[in-house]
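A short worksheet on the structure shown next.
The values are calculated or read from the model by the stated rules, or taken from the named source; none is laboratory data. Everything numeric in this text was worked out from a predicted model, so none of it was measured. Glycine gets a Cβ as well: all are built from the backbone with ideal geometry, and neighbour counts include every protein chain shown. Protein only, heavy atoms only, side chains kept; ligands, DNA and RNA dropped before computing areas. Shrake-Rupley method; radii C 1.70, N 1.55, O 1.52, S 1.80 Å.
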Amino acid sequence: MAQAVAAPPDGSDAGEVIRWYRQHHNLTQQEAADLLNTTQSWVSKVEKGKLVPGLAELR
């Protein structure tokens, strides 16, 4: 039986979206940070909701 793939978050929480994408593609926080040209610390803070990036950062 095939495993159901959860739909991505609706986009209202950047941390949820980044975590979903990262896990869906089997990426570590460091690998995601490299793709986003940022730091692992930034990815961690956004995923935990300790940092809410502005629109300019998300673009």
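Quick notes on this structure:
- Screening the stretch 15-39 for residues that are assigned to a helix (DSSP H, G or I), open to solvent by less than 70 Å² (accessible area, probe 1.4 Å) and not hydrophobic (A, V, I, L, M, F, W, C) and picking the one that is modelled with the highest pLDDT gives Q29.
- Take the conditions (1) modelled with pLDDT under 95; (2) touching a Pro at 6+ places or on another chain (Cβ under 8 Å); V46 misses just one of them, which is (1).
- Residue in the stretch 49-56 that is modelled with pLDDT under 90, touching a Ser or Thr at 6+ places or on another chain (Cβ under 9 Å) and assigned to a helix (DSSP H, G or I) present: no
- Hey, S12 loosely packed, with under 15 Cβ neighbours inside 10 Å, assigned to a loop (DSSP other than H, G, I, E, B) and without any contact (Cβ under 8 Å) to a residue 24 or more places away in the chain or not: yes
- Cross-chain or 6+ apart pairs with Cβ under 6 Å, the stretch 33-59 first and closer than 15 Å to D13 by Cα, then open to solvent by 90 Å² or more (accessible area, probe 1.4 Å): L51/K45
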